[in-house]
Structures are given as structure tokens and as C-alpha cells.
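First comes the structure, then the notes that go with it.
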Amino acid sequence: MRYQNTYANLDPRLYHKQPPTALKNPRAGHFNLALAEKLGWTEDEDLMSRWVDILGGQYVPTEFEPLAMAYAGHQFGQWAGQLGDGRGLLMAQVLDNSDTLQDLHLKGIGLTPYSRMGDGRAVLRSTIREYLCGHALTTLGIPSSNALGFVVSDTPVRRERMEAGAALMRVADSHVRLGHIEWIASFAPDLLGEFTDYMIDTYYSECRDSDSPILSFLQKVVERTARMIADWQLIGFAHGVMNTDNLSITGSTLDFGPFGFMERFNPAWINNHSDHTGRYAYQNQPAIGYWNLNVWLPHFMRLPDVTREALAECLAPYEATFMQHYQQGLCRKLGLTHETDSLQLAFDFLTLLEDNLLDYTNGFRGLLGLIDPDTHPYEKQLLVTMINELPPEALTLYQAWRERYFTKTATLTKAEVVDSLQNNNPVYVLRNSMAQRAIVAAEQGQFTEVERLYNLLANPYNVQDIATELDTMPPAPDAPQLPISCSS
Ligand code: AMP
Ligand code: MG
């Protein structure tokens with residue numbers, strides 16, 4: 001691998017260098033070969049043959065420079081003070097095969113000075129959820145961390161019950177969070193200039209050409225965050241804990257805990273059972289993104305020539321950027337171009353899904369069956385089956401909508417519409433129930449279901465033979481929600 005451990009050269013107040021604390025008897029959970037190839041990991045025999053030992057913290061290759069990062073954050077709207085890597089370590093930074101810097105971060109690997117009351121460990125169930133979700137979002141085309149693999153072990157970990165300790169090698173284009181700046185502002189304000197330079201040079205080097213690199217960088221962070229959240233809304237992803245310590249400065253999805261993918265469409269849906277007020281409900285995500293940036297940006301006023309007015313100008317385009325990306329995406333999900341009447345059709349379709357509690361993913365994918373008679377038999381039946389269950393008034397509304405949709409799609413070529421429907425509406429997302437089945441099997445020592453889901457989600461935009469009915473089945477409308485909490 002092409003190592004480039006630049007974070008380890010920053011001011012030592014920003015981190016604590018230390019090795020991992022090994023797990024007992026680590027065993028392979030799953031290994032992401034495609035990502036390993038991208039990183040150049042596969043070219044190193046030592047890394048390949050000892051990946052379980054490395055992820056289990058038994059062996060640290062000499063080029064690695066493990067460290068725990070300090071950061072702070074606002075959690076559920078409150079200032080939480082110092083947080084930091086309490087159970088993870090940045091192990092190494094490497095250039096991948098497209099020359100992008102990637103962080104290798106091992107999560108679940110013991111105590112650090114930032115562990116607070118925690119035990120430094122991660123359990124198998126949350127590790128599997130993070131592993132599969134990073135993979136799912138990546139293949140769906142949404143900027144996200146991913147993972148090289150995970151191991152399970154004989155280290156006991158106490159949560160609500162005793163569970164097996166696990167570790168995940170997360171790979172992300174950055175682990176610098178909004179909360180890093182909040183930490184610096186509170187605990188080492190003299191480092192702000194140097195650290196801002198590091199962020200610009202490492203992640204936003206194109207901003208160096210601007211008259212005001214700092215403002216240009218901040219504008220880009222705002223833009224990328226708005227676009228990432230628009231992507232989440234379009235795919236139906238709810239992050240669940242959008243605290244400032246869980247948002248990356250690169251606008252890439254980070255820190256999977258109580259996340260979920262939308263099933264029966266309900267914009268007010270809260271996946272995180274610990275979120276009693278619904279702060280991080282699906283429909284609040286765009287506003288929370290704004291809230292987070294709004295508490296984050298003022299720290300930069302400490303830097304020369306950065307005024308409150310200039311920062312307000314950086315933040316102002318957030319809403320328009322979000323709206324444009326979201327609305328364009330929504331039209332594409334109908335196979336249409338971005339126009340007022342396309343958008344109205346999309347909103348009316350969402351209302352139809354919401355009023356009848358229809359499945360978000362299947363509803364959109366089912367549109368293919370309306371447009372393309374040659375589509376896969378599964379897709380041809382998808383909307384038909386859903387519509388058959390509608391009460392008569394809803395059926396009439398649907399039929400009227402379908403006529404308008406046919407009129408609109410007739411203004412485009414069939415190939416254009418089909419292409420856009422196929423590429424913007426996945427067949428498969430990671431439903432909570434799917435992850436749960438893989439977890440139950442893995443807790444019995446069986447990782448074949450993780451492997452199957454990994455393969456299924458590698459190709460989410462195509463119908464696949466390895467799928468089962470359960471992979472596309474939403475819960476019954478009156479079924480109690482699976483309890484997904486922050487416990488991890
Ligand atoms: P999270 O809710 O996973 O984003 O974590 C918030 C903060 O708590 C971060 O600083 C984590 O490193 C820390 N943390 C979470 N779980 C543990 C744990 N089991 N041991 C130590 N620190 C933890
Ligand atoms: Mg976190």
C-alpha cells in the first residue's frame with residue numbers, strides 16, 4: 001500500500017498515539033476483497049495472510065501509526081464537550097488506486113484516553129450493521145465510509161446482555177469530523193489556522209486557487225453536506241444520530257449506529273429508538289444538516305479576514321443546493337427531467353406511497369413495470385401487487401396519476417425513461433430485517449448470510465438470483481418496529 005500517514009505529523013495535542021488492545025481469539029467475519037484491491041492491500045502478502053490478526057489487534061504492521069483522535073461535538077442539540085475516538089484508532093492513511101487518500105480506522109479495539117465511561121469495544125451486531133451499510137451506500141453511489149472487513153472474538157462485552165466483541169476496519173476518505181473544529185476551538189484554539197490548512201491541502205486542495213481559500217473551503221463543505229443529505233433523502237436513508245461528531249468534513253456518510261432505510265413510506269419515521277423527540281427523524285435530516293453547519297461555521301471567525309457576514313454567505317446556498325439536488329433526483333427517480341410538472345408528479349407519487357403506507361424502494365422500482373414490458377418478471381409484478389391491495393378510492397387516485405405519468409413519459413424516449421428508472425431506483429436496500437437475519441446467524445457462528453447480503457448489495461440496481469422474497473419485503477403495516485438503539 002502507498003502509505004501517507006499525514007495526520008500523525010500534526011500537533012500531538014490532536015491525538016494520542018497508541019497500539020490497539022487485542023481481542024481474544026479473533027476469527028474472520030467477512031473480508032471486502034473489492035475494497036482491498038482498491039487500497040492495494042491485496043498486493044501485500046503479509047497484509048493478506050494476517051488480516052484477521054491485524055483487525056483483531058494482534059499484529060500491527062510496521063507502516064501503521066495507530067492513534068486516537070480528539071474531537072468534540074453537539075449531541076442531540078446539546079454541547080457535549082470532549083469526545084474523541086473512544087474505541088477506534090486511525091491505523092494508517094493510504095493512497096488508493098485512484099490516488100485518493102483513505103483512512104484505515106479500526107473500531108472496537110480497546111480503551112483510549114477518550115473512552116470516558118465506555119469499554120472501548122464494539123459488539124458483533126453493530127459491527128455487521130456498519131459493515132453492510134457502508135457497503136450498501138457505496139454501491140448505491142452515495143458518498144460513504146466502507147469497511148475492509150470485520151472479525152469476531154471471544155472477548156466478552158457487556159451491553160443489555162453479554163455479547164461477543166468484534167472489530168471493523170473502517171475505510172473513509174476522512175475521519176475529520178465537524179467536531180474536530182469544535183474541539184480545537186475549545187481546547188487548543190491556537191491550532192485552528194494550521195488545522196484548517198491541513199483540511200484544505202488534504203481534502204479541498206482545489207480551494208487553494210481561490211482568492212479566499214478558507215471561505216471557498218467552507219462553501220464546499222456546506223455544498224457537499226447538502227448534497228449528501230439530498231442523496232440520503234432520495235434513497236430513503238435515515239442516519240439516526242446526526243450529531244456534529246458524526247458528520248465528516250468531506251460530506252461522506254460516517255458512523256453507522258441506529259440508521260435505517262425507509263420501508264413503508266412515512267416521512268416522520270424515526271429509526272433510532274433512543275431518539276425520543278424525533279430530532280433525527282427522516283424528514284428532519286436536511287434541517288439538522290443546516291443546524292450542524294450553523295453551529296460549526298462561527299468557529300472560523302477566529303481566523304484572519306473571516307467575518308460573520310462572509311460565513312453567512314457560505315451557509316446561505318445550503319437550502320438551494322439541497323433542493324436542487326433533491327428535486328433533480330426525485331424527477332430522475334420517475335425517469336423524468338427536472339421540470340415543474342415532473343416534480344408535481346413525483347410529489348403526488350410520494351403522497352400515494354405515504355397515504356397507503358406503501359414501500360418506498362419497491363414503489364419507485366415498480367415504475368419500471370409500467371414503462372417497460374420487457375423488464376424482469378419480478379419488476380413487472382411489483383407495482384401490480386402493491387396496487388391490488390389499495391382500497392377503491394386510492395385505486396382511482398392511482399389510476400389518474402398513472403395517466404398523467406404516461407402522458408409525461410411519452411414526451412421522452414422509452415430508453416431514456418427506463419435507463420433513469422433503473423439507475424436511480426435500487427431493487428435492494430439494507431432493510432433492518434435483512435441485517436437482523438444476518439446478525440442472528442452470525443451470532444451462531446454462521447457468516448454465510450453476511451456473505452450473501454454482501455453479494456446482493458454489491459449490485460443493488462439489478463434483480464438477482466441470490467435474492468429471496470424476504471429481501472424485498474417490507475414489514476406488515478401494523479408490525480412493531482424492530483428496536484434499533486444507540487447501544488453498540
Ligand atoms: P457514537 O454514538 O458511536 O458516535 O459515539 C459517540 C462517542 O462515544 C464517541 O466519542 C465514541 O468513541 C464514544 N463511544 C461509543 N461507544 C463507546 C465504547 N463502547 N467505548 C468507548 N467509547 C465509546
Ligand atoms: Mg460517532
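The values are calculated or read from the model by the stated rules, or taken from the named source; none is laboratory data. These numbers come from a predicted model, not from an experiment. Backbone-built Cβ (ideal geometry, glycine too); neighbour counts: all protein chains shown. Just so you know, the surface numbers come from the protein's heavy atoms only, side chains and all, with ligands and any DNA or RNA stripped out. Shrake-Rupley method; radii C 1.70, N 1.55, O 1.52, S 1.80 Å.
Quick one: what are the phi-derived ³J(HN,Hα) couplings along the stretch 327-338, Karplus 6.51/-1.76/1.60 with θ = phi - 60°, whole Hz, x for glycine and proline?
Values per residue, Gly and Pro as x: 5, 4, x, 5, 5, 4, 5, 9, x, 10, 8, 6 Hz.
Can you check what the net charge comes to around G81, using other residues whose Cβ is under 14 Å from the Cβ of G81 (Lys, Arg +1; Asp, Glu -1)?
On the way: positive: R116; negative: E182, D245.
Net charge in that neighbourhood comes out at -1.
Given a cut-off of 16 Å, what percent of all Cα-Cα pairs of the stretch 68-110 lie beyond it? Working shown, then result.
Details: 478 of 903 pairs.
The share of Cα pairs beyond 16 Å in the stretch 68-110 comes to 53 percent.
Starting from the amide H of H30, placed 1.01 Å from N in the peptide plane, find each other amide H under 5 Å away whose residue is 5 or more places distant or on another chain.
For H30, whose amide H was placed from the backbone, the distant partners under 5 Å are F150.
Excluding residues fewer than 8 places away in the same chain, name every one of the lysines whose C-alpha is closer than 21 Å to that of K38.
K107
Express the relative contact order of the stretch 330-486 as a whole percentage, based on alpha carbon pairs under 8 Å and six or more residues apart in sequence.
25
How high is the relative contact order of the chain, given as a whole-number percent (alpha carbon pairs under 8 Å, six or more residues apart)?
Details: 908 pairs, mean separation 69.8, N = 488.
So the answer I get is 14 percent.
Kindly write out, for the stretch 262-272 in residue order, the coupling ³J(HN,Hα) from the Karplus curve 6.51 cos²θ - 1.76 cosθ + 1.60 (θ = phi - 60°), rounded to whole Hz, with x marking Gly and Pro.
Coupling constants for the stretch 262-272: 4, 10, 5, 5, 8, x, 8, 4, 10, 7, 7 Hz.
Along the charge dipole of the stretch 211-350, pointing to its positive end and built from +1/-1 on Cβ of Lys, Arg, Asp and Glu, which listed residue (L350, P258, W232) has its Cα farthest out?
My answer, from the dipole projection, is P258.
Could you run the Debye sum over the Cα atoms of the stretch 52-208, one equal point scatterer each and no solvent, and tell me log10 of I(q)/I(0) at q = 0.09, 0.10, 0.14 Å⁻¹, two decimals?
-0.32, -0.40, -0.80
Please list, ordered by chain and number, the residues whose modelled amide H lies under 5 Å from the amide H of T155; skip anything fewer than 5 residues away on the same chain.
HN-HN under 5 Å from T155: K24, G165.
At 10 °C and a viscosity of 1.306 mPa s, what translational diffusion coefficient does Stokes-Einstein give for the chain, taking Rh as the Kirkwood radius over Cα pairs? Give it in µm²/s as a whole number. Can you show the working numbers first?
Working: Rh = 23.6 Å.
Result for D is 67 µm²/s.
For an R0 of 41 angstrom, estimate the FRET efficiency from the Cβ-Cβ distance between M323 and N97 and round to the nearest 0.05.
On the way: r = 35 Å, r/R0 = 0.86.
Computed FRET efficiency for M323 and N97: 0.70.
Once the Cα atoms of helix 432-443 and of the chain are each reduced to a long axis, what angle between those two axes, in degrees from 0 to 90 to the nearest 10, is obtained?
Long axis of 432-443 versus the principal axis of the chain: about 50 degrees.
Work out how far the C-alpha atoms of the stretch 306-361 reach from end to end along every principal axis, then list the three figures in whole Å, largest first.
Over the stretch 306-361, Cα extents along the principal axes are 49, 24, 16 Å.
Can you give the translational diffusion coefficient of the stretch 383-488 in µm²/s, computed by Stokes-Einstein from the Kirkwood radius over Cα pairs at 10 °C and 1.306 mPa s?
On the way: Rh = 17.0 Å.
Here the translational diffusion coefficient equals 93 µm²/s.
Counting helices only, and only those DSSP H runs with n ≥ 4, report the 222 nm mean residue ellipticity of the chain as the sum of -39,500 (n - 2.57) divided by its residues, in deg cm²/dmol to the nearest 500. Don't skip to the end; give the middle numbers.
On the way: 17 runs with 206 residues, N = 488.
Mean residue ellipticity, 222 nm, calculated: -13000 deg cm²/dmol.
Which far-off residues, 5 or more places away or on another chain, put their amide H under 5 Å from the one on L247, with H placed in the peptide plane?
Excluding prolines and chain starts, which carry no amide H, the hits are L178, G179.
Round to the nearest 10 and report in Å² the accessible area of I181, as given by a 1.4 Å probe over the protein chains' heavy atoms.
Estimated to the nearest 10 Å², I181 gives 0 Å².
Quick one: Karplus J couplings for the stretch 185-195, per residue in order, coefficients 6.51, -1.76, 1.60, θ = phi - 60°, nearest Hz, x for Gly and Pro?
Each residue's phi maps through the Karplus curve to give 4, 8, 10, 8, x, 5, 8, 4, x, 5, 6 Hz.
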